Amino acid sequence: MREISSGQFVIPGEKLGVIEEFIPDVGTYVENGNIYSSNMGFVLIDFINKKISVYPATHNVSIPRVGSIVTGYVTTVQNAFALIRIFRVGRKTLSGSFTGVIHISDISRRYVDNIYDAVRLGDIVRAKVISDKNKIYHLSIKDENLGVIYAFCSQCGGNLIKRRNLKCAVCGNTEKRKISVDYGKVII
């Protein structure tokens with residue numbers, strides 16, 4: 001490990017020291033007794049109080065926070081959860097991306113038996129960040145303004161149009177989703 005000094009530029013996950021040496025402060029986290037940077041920025045070491053901090057290199061960077069409304073697309077669907085690649089926080093499109101997870105219990109206020117009736121691979125969803133525990137963004141689509149905002153046919157990949165249910169404009173296949181109230185009307 002290289003020696004860390006005040007003013008040094010660090011990236012998230014970079015080891016800064018150990019808890020026997022410093023007290024972790026702003027912009028850091030502890031794992032197995034080691035102190036790591038939780039954001040990209042500059043190290044500040046307070047030798048008098050034995051504290052180590054990392055101050056962001058840029059300000060006003062959009063990252064998902066608890067309570068944020070995010071937009072992303074479904075990259076993986078398993079029995080009890082779906083992974084979402086987040087590309088927008090609020091109205092701000094991100095230059096990078098973050099990954100969030102929607103558990104089957106966070107899809108609807110009613111019981112959901114099959115996650116595939118709510119979201120499928122490639123769907124574009126609007127969700128709310130309900131937790132960032134363990135550096136994982138946990139998402140919910142329970143509210144009526146949240147859910148799938150665009151969906152694609154699992155048979156042919158065509159656009160699903162909202163009628164009574166969702167119907168493929170190309171092959172006529174009908175499918176279920178947990179859609180938002182403004183499904184198909186959102187400009188991405």
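The values are calculated or read from the model by the stated rules, or taken from the named source; none is laboratory data. Everything numeric here is computed off the predicted structure, so don't read it as measured data. So basically every Cβ, Gly included, is an ideal-geometry build from the backbone, and we count neighbours across all protein chains shown.
Table: residues versus (1) assigned by TED's automatic domain parsing to the domain that holds Asp117; (2) touching a helix residue (DSSP H, G or I) at 6+ places or on another chain (Cβ under 7 Å).
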residue	(1), (2)
Lys142	yes, yes
Cys153	yes, no
Cys171	yes, no
Asp182	no, no
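Being surrounded by fewer than 19 Cβ atoms within 10 Å (Cβ to Cβ), farther than 22 Å from Ser154 by Cβ and either without any contact (Cβ under 8 Å) to a residue 40 or more places away in the chain or touching a helix residue (DSSP H, G or I) at 6+ places or on another chain (Cβ under 6 Å) (or both): is that true of Ser37 here?
no
Conditions (1) in contact (Cβ under 8 Å) with a residue 24 or more places away in the chain; (2) assigned by TED's automatic domain parsing to the domain that holds Asn145; (3) crowded, with 18+ Cβ neighbours inside 10 Å, marked per residue:
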| site | (1), (2), (3) |
| --- | --- |
| Lys15 | no, no, no |
| Thr28 | yes, no, yes |
| Glu31 | no, no, no |
| Val43 | yes, no, yes |
| Phe47 | no, no, no |
| Lys51 | yes, no, no |
| Ile63 | yes, no, no |
| Val74 | yes, yes, yes |
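Going by the conditions given, is Val148 in a strand (DSSP E or B), in contact (Cβ under 8 Å) with a residue 24 or more places away in the chain and touching a strand residue (DSSP E or B) at 6+ places or on another chain (Cβ under 9 Å)?
yes
Determine which single condition Arg163 fails, assuming it passes every other condition in (1) over 30 Å from Thr28 (Cβ atoms); (2) in contact with a strand residue (DSSP E or B) (Cβ under 7 Å, 6 or more places away or on another chain).
Result: Arg163 passes all but (2).
Which one is surrounded by the most Cβ atoms within 10 Å (Cβ to Cβ), of the residues in the stretch 160-172 that are of a type outside the set (A, V, I, L, M, F, W, C) and modelled with pLDDT of 90 or more?
The qualifying residue surrounded by the most Cβ atoms within 10 Å (Cβ to Cβ) is Lys167.
Checking the condition of a type in the set (A, V, I, L, M), surrounded by 15 or more Cβ atoms within 10 Å (Cβ to Cβ), within 16 Å of the chain's Cα centre (by Cα) and closer than 24 Å to Cys168 by Cβ, which residue from Ile141, Ile149, Ile130, Ile115 passes?
The unique qualifying residue is Ile141.
Which numbered condition in (1) basic (Lys, Arg); (2) assigned to a strand (DSSP E or B); (3) exposed (fewer than 14 other Cβ atoms within 10 Å of the Cβ) is the only one that Lys185 fails?
(2) is the only condition that Lys185 fails.
What are the residue pairs meeting all of these: first residue in the stretch 162-177, first residue closer than 14 Å to Arg120 by Cα, second residue part of a loop (DSSP other than H, G, I, E, B) and of a type in the set (Asp, Glu), Cβ atoms under 8 Å, and 6 or more apart or on different chains?
Arg177/Asp123
If you go through the stretch 151-182, how many residues are aliphatic (A, V, I, L, M), closer than 18 Å to Ile84 by Cα and part of a loop (DSSP other than H, G, I, E, B)?
1
Within the stretch 1-13, work out how many residues are in a loop (DSSP other than H, G, I, E, B) and within 14 Å of Ile45 (Cβ to Cβ).
Looking only at that region, the number is 6.
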